[in-house]
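To keep things clear, I will list the structure first and then write my remarks on it.
The values are calculated or read from the model by the stated rules, or taken from the named source; none is laboratory data. None of these values were measured; they are calculated from a predicted model. We place every Cβ from the backbone using ideal geometry, glycine too, and count neighbours over all the protein chains shown.
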Amino acid sequence: MKALYFDNASTTPVDPAVATKMMSCLAIDGFFGNPASTTHGYGWMASEEVEWSREVVADSIDADPREIVWTSGATESDNLAIRGSFEALSEKTGRHRIITLASEHKAVLDTCSNLDADVVVLKPRFDGSIDMEALRRALTPQTLLVSVMLVNNETGVIQPVRDIADMAHASGALMHSDLAQSVGKVVVDVKSLGIDLGALSAHKVHGPKGVGALYVKRDQSIKIAEQQHGGQHERGMRSGTLPTHQLVGMAEAYRLASLDLTTMFSRLDEFRLMLEGACELIGGIRFNGRGVPHIVNLTIEGVEAEMLMAAMPDIALSTGSACNSATLEPSHVLRSMGHSRKEGLSSIRISMGRFTTREEVVQLIQSLQRAVIGLRSQ
C-alpha cells in the first residue's frame, strides 16, 4: 500500500484534467508543433495554445499577458529575476545592493551569494515574519532589489509583501517575490502586491514539473539581462523552444486552482485545525509560524524527526524543503528564525493539497500519535 501523501509543498500530483490537456499537445493529431514555426499550421496552432496559456496564467495573478515570461520553473525564474536585473541595471544605476531574508528559498539565497553584489541577508523574527525596521535600516540609495517571498515554503508564513514593496519603491529599489507557494493557496494579485518581478511554478499547484514563469512588470525602468541565449525568444529575456504541452498544463492547473481557491482554503483550514487539536492533546508540540493552511511546521519535543518519519512508514512527509532533503542538517529556515539545531532536527513539515481528504488527515493524526508516544516512551 502506498503511503499517504503529506508533502504537497515539495510537489503535487498532476490533476487528471491537467494531464488530459497536456496530452492534446503531444501526438500527431494534436498541437505538437514548434510554436516558433511561422510557415505552417502546426506552428500556428501551437503558438495559439502558448498564447492562450500566457493569458490564463496572467489572468490568475492579475497581470498583462505580455508580462509573463516562460521558464523551466520557479528556480530559473528566481535566477532570471535576480541575476538578470543585477546584470542589466547595477552598472547603469550605480545600485549594487540586494536585500533578502535568511528564510528565503535557496534559489534566492544561492543566486544572491553568487553575484558580485552587496548582499544584505536579514534575520526574520522568531515567528518567521520580516523585521520591517531592520529592512528600513538596510535600504540605501544603492539598493537595487529587495527579494522576499509571499508564502514561505517550509513554514507557510505570509509576509507583508505590499508593505515591503512600498518601502523598497520609496528608496528606488525593485521588488521581487517568489510566488511558488502562493498561487492556488491565497489570492495573488501582482498589482495589489506592488511587485515588479514574481517567480511562478506549475508543479506546486497540481501542474507538471519542469515549467514555470517569471512575471516582469511592464515598466521602462525594469530591464532583465538574458541568461539563456539562443534565439531571443520571450521578448529577448529567455531563449529556447517552448514546451507547448507543459505550458498548457501550467495554465490549466492555474485555471482550476483559481476556480477552487475559496473552497480549498476553507477545507485545508479545517484540516489544519484538526491537526492543531490533536497536537495539543499529544502535548510538547510547537507550531513554527502561522500562515497558509496547507503548510504545518511542527517541532516535537523529545523526538528526532528522522526517527519519527521512520516510525510512520504509512505517511509521506518531510523535514523541510526538498532541495535540502539530502542533508542531515536542520532546516536553514528554522535556524534563521532562532530555533536551535536540536529543535530543527526535531521538526517536520506536513503539507496538504487539493486531493488530501479528511479520512487521510484522521489517519495521519492517529499515526502521529502512535509514533510520538512510542518514541517518547523508549
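Being over 25 Å from Arg358 (Cα atoms) and of a type in the set (A, V, I, L, M, F, W, C) is the requirement here; does Val56 meet it?
So Val56 passes the test.
Within region 360-378, can you find the residues that are in a loop (DSSP other than H, G, I, E, B) and closer than 16 Å to Ser346 by Cβ?
The answer is Gln378, and nothing else.
Filter the helices (runs of 4 or more DSSP H) completely within region 231-339 down to those with at least 2 residues that are surrounded by fewer than 20 Cβ atoms within 10 Å (Cβ to Cβ), among the aliphatic types (A, V, I, L, M) and out of contact with any Leu (no Cβ under 6 Å at 6 or more places or on another chain).
Output list reads 244-282, 305-310.
Name the pairs whose Cβ atoms lie under 7 Å apart, with the first residue in region 210-233 and more than 16 Å from Pro65 (Cβ to Cβ) and not assigned by TED's automatic domain parsing to the domain that holds Ser72, the second among the basic types (Lys, Arg) and at pLDDT 90 or above, and 6 or more positions between them or separate chains?
Hits for this filter: zero, empty list.
Quick check on my filter: what residues within region 131-185 are surrounded by fewer than 21 Cβ atoms within 10 Å (Cβ to Cβ) and either in contact with a Pro (Cβ under 8 Å, 6 or more places away or on another chain) or assigned by TED's automatic domain parsing to the domain that holds Gly291 (or both)?
Within region 131-185, Asp131, Met132, Ser171, Gly172 meet the criteria.
Only one of these conditions is not met by Glu359: (1) in contact (Cβ under 8 Å) with a residue 60 or more places away in the chain; (2) under 30 Å from Gly207 (Cα atoms). Which number is it?
(1)
Going through Val57, Val50 one at a time, which residue ends up being under 20 Å from Ser182 (Cβ atoms) and not in a loop (DSSP other than H, G, I, E, B)?
So the residue among Val57, Val50 that is under 20 Å from Ser182 (Cβ atoms) and not in a loop (DSSP other than H, G, I, E, B) is Val57.
Looking at region 80-93, which of the residues that are touching a strand residue (DSSP E or B) at 6+ places or on another chain (Cβ under 9 Å) and not hydroxyl-bearing (Ser, Thr, Tyr) is surrounded by the fewest Cβ atoms within 10 Å (Cβ to Cβ)?
The selected residue is Leu89.
Could you list, in sequence order, all residues of region 30-47 that are assigned to a loop (DSSP other than H, G, I, E, B), surrounded by 14 or more Cβ atoms within 10 Å (Cβ to Cβ) and either among the hydroxyl-bearing types (Ser, Thr, Tyr) or at pLDDT 95 or above (or both)?
Ser37
Which of the residues that make up region 168-197 are out of contact with any Lys or Arg (no Cβ under 8 Å at 6 or more places or on another chain) and either over 21 Å from Asp260 (Cβ atoms) or without any contact (Cβ under 8 Å) to a residue 12 or more places away in the chain (or both)?
Answer for region 168-197, where residues must be out of contact with any Lys or Arg (no Cβ under 8 Å at 6 or more places or on another chain) and either over 21 Å from Asp260 (Cβ atoms) or without any contact (Cβ under 8 Å) to a residue 12 or more places away in the chain (or both): Ala168, His169, Ala170, Ser171, Leu174, Met175, His176, Ser177, Asp178, Lys191.
Residues checked against (1) part of a strand (DSSP E or B); (2) of a type in the set (Phe, Trp, Tyr); (3) under 17 Å from Asp78 (Cα atoms):
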site	(1), (2), (3)
Leu109	no, no, yes
Cys112	no, no, yes
Leu115	no, no, yes
Ser129	no, no, no
Arg137	no, no, no
Leu145	yes, no, yes
Ile164	no, no, no
Met167	no, no, no
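What number of residues within region 186-207 are surrounded by 22 or more Cβ atoms within 10 Å (Cβ to Cβ), of a type outside the set (A, V, I, L, M) and in a loop (DSSP other than H, G, I, E, B)?
Within region 186-207, residues that are surrounded by 22 or more Cβ atoms within 10 Å (Cβ to Cβ), of a type outside the set (A, V, I, L, M) and in a loop (DSSP other than H, G, I, E, B) number 3.
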